[in-house]
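The values are calculated or read from the model by the stated rules, or taken from the named source; none is laboratory data. Fair warning: this is a prediction, and the values are worked out from it, not measured in the lab. Note that we place each Cβ from the backbone using ideal geometry, even for glycine, and neighbour counts take in every protein chain shown. Quick note on the areas: whole protein, heavy atoms, side chains included, nothing else; ligands and nucleic acids left out. Shrake-Rupley method; radii C 1.70, N 1.55, O 1.52, S 1.80 Å.
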Amino acid sequence: MLWALTTARAVLGHRAAGWVRTMASHSLLVAPPAALSKPLSIPSRLLLGPGPSNLTSRVMAAGGLQTLGHMHQEVYQIMDEIKQGIQYVFQTRNALTLAISGSGHCALEAALFNLLEPGDPFLVGVSGIWGQRAQDIAERIGARVYPMIKAPGGHFTLQEVEEALARHKPALLFLAHGESSTGVMQPLDGYGELCHRYQCLLLVDSVASLGGAPIHMDRQGIDVLYSGSQKVLNAPPGTSLISFSDKAKSKIYARKTKPVSFYLDIMWLANIWGCDDKPRMYHHTTPVVSLYSLRESLAHLAEQGLENSWRQHREASEYLHACLQGLGLQLFVKDPALRLPTITSVVVPTGYDWRDIVQYIMDHHDIEIAGGLGPSAGKVLRIGLLGGNATRENVGRVTRALREALQRCPRNKL
């Protein structure tokens, strides 16, 4: 026994020496960053842009909890509670309901990657950046894309959609309920029924509208609905919500080809989220701490009640509109019925550079508002009242900041 221990020590000693020589054979090329030796410093800032929004204290507390293993039973329980919360905020009984480990873009890609195969006809309502993004993603996977194009600020009527459905016979229609780049709220009543009459599925983006404006997935005949964590839910960016009707599920499970993404393959995701009544298997490591935060944000909205949240956002946005018009500013969306309660778009006042206004308010008031995005860039300012930020107090703060910015920022009078 003594001989064996002595021999093992000698062998390990030679190996350890070899490891040391290997580690020392190259000097470090990159030194420790000096910036990382300083403590992290985050300014106090009121986020009144189109998102993300400020986190609630409840959500921040959840984000400070210790992580668990992503396949622990306690985490599966949290995932089940998140599913129930999504079913509530979406107003759906769909079994195939889950959260995506990624932002709203990931949810959009999950929908398109799983519903469309190369050559499938896809009808897209393009009135802002989200229709543009849906068109781009679908083209990348080889779908035959038919865009319905409206100028920023426009929306799609039932008649326009029906004419396009009859002409192109698509398998899927995309509409953005809340077009955050323009501040338009697309009507949804009747669109699901119309799509189904033409054997077409309806995909709806509710990232900017969920919790701030009424949406009823099942009753409005929406086949796929997705949203994000970072707007009305007041949760950290990086997770998204999605649900599929039985018709959409049937199309996915009848695919002839595999989805182009393994990470976003809904058949795998359905399993880890407990949607297929089979034992859960490893697919990817879910962002456990972000799921804590998402669970708490959904719990808060459930406790508040959807109707109360919708009322809060409607009243706060109406007050904001009145204050902006009192400053002599012009609302970009003319029809009050089409204005998104969560994100208000304002025409950039004549003679001003929108960047000056946005920067002044940030520098002097620690408030974020934003300019336009995509087709609305340079045309509008965007002010978000999202979740807990949708208060009269915050409307008053941003109104005072805007008034001062219009007085102090340079103006070209030519």
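Quick notes
- The residues of segment 260-278 that are assigned to a loop (DSSP other than H, G, I, E, B), open to solvent by less than 30 Å² (accessible area, probe 1.4 Å) and closer than 14 Å to Thr97 by Cβ, listed by number, are Trp273, Gly274, Cys275.
Quick grid of which residues meet (1) open to solvent by 60 Å² or more (accessible area, probe 1.4 Å); (2) in contact with a strand residue (DSSP E or B) (Cβ under 9 Å, 6 or more places away or on another chain); (3) assigned to a helix (DSSP H, G or I); (4) not acidic (Asp, Glu):
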{"position": "Met281", "(1), (2), (3), (4)": "yes, no, no, yes"}
{"position": "Val289", "(1), (2), (3), (4)": "no, no, yes, yes"}
{"position": "Glu307", "(1), (2), (3), (4)": "yes, no, yes, no"}
{"position": "Ala316", "(1), (2), (3), (4)": "no, no, yes, yes"}
{"position": "Pro341", "(1), (2), (3), (4)": "no, yes, no, yes"}
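- Inside segment 291-305, residues that are among the basic types (Lys, Arg) and surrounded by fewer than 19 Cβ atoms within 10 Å (Cβ to Cβ) make up a count of 0.
- Looking only at residues in segment 357-388 that are assigned to a loop (DSSP other than H, G, I, E, B) and touching a residue at least 60 places away in the same chain (Cβ under 8 Å), the one that is nearest to Gly128 (Cα to Cα) is Leu373.
- Out of Lys247, Lys231, sole residue that is surrounded by fewer than 20 Cβ atoms within 10 Å (Cβ to Cβ) and touching a residue at least 40 places away in the same chain (Cβ under 8 Å): Lys247
- So Asp356, is it of a type in the set (D, E, K, R), open to solvent by 20 Å² or more (accessible area, probe 1.4 Å) and in contact with a Ser or Thr (Cβ under 7 Å, 6 or more places away or on another chain): no
- Residue, surrounded by the fewest Cβ atoms within 10 Å (Cβ to Cβ), within segment 187-224, restricted to residues that are among the small types (Gly, Ala, Ser), in contact with a helix residue (DSSP H, G or I) (Cβ under 6 Å, 6 or more places away or on another chain) and over 20 Å from Pro237 (Cβ atoms): Gly190
- The one condition from (1) in contact (Cβ under 8 Å) with a residue 24 or more places away in the chain; (2) open to solvent by 10 Å² or more (accessible area, probe 1.4 Å); (3) under 16 Å from Leu173 (Cα atoms) that Gln87 does not meet is (3).
- Output for segment 248-259, where each listed residue is closer than 15 Å to Phe113 by Cβ, of a type in the set (A, V, I, L, M) and either part of a loop (DSSP other than H, G, I, E, B) or touching a Phe, Trp or Tyr at 6+ places or on another chain (Cβ under 9 Å) (or both): Ile252
- Residue list for segment 48-78, restricted to those being touching a strand residue (DSSP E or B) at 6+ places or on another chain (Cβ under 8 Å) and buried (at least 21 other Cβ atoms within 10 Å of the Cβ): Leu48, Gly49, Pro50, Gly51, Ser53
- Residue-level analysis places Ala370 outside the set of residues that are under 28 Å from the mean Cα position of the chain (by Cα), small (Gly, Ala, Ser) and open to solvent by 60 Å² or more (accessible area, probe 1.4 Å).
- Apart from one condition, Val161 fits all of (1) under 16 Å from Gly228 (Cα atoms); (2) in contact with a Cys (Cβ under 9 Å, 6 or more places away or on another chain); the exception is (1).
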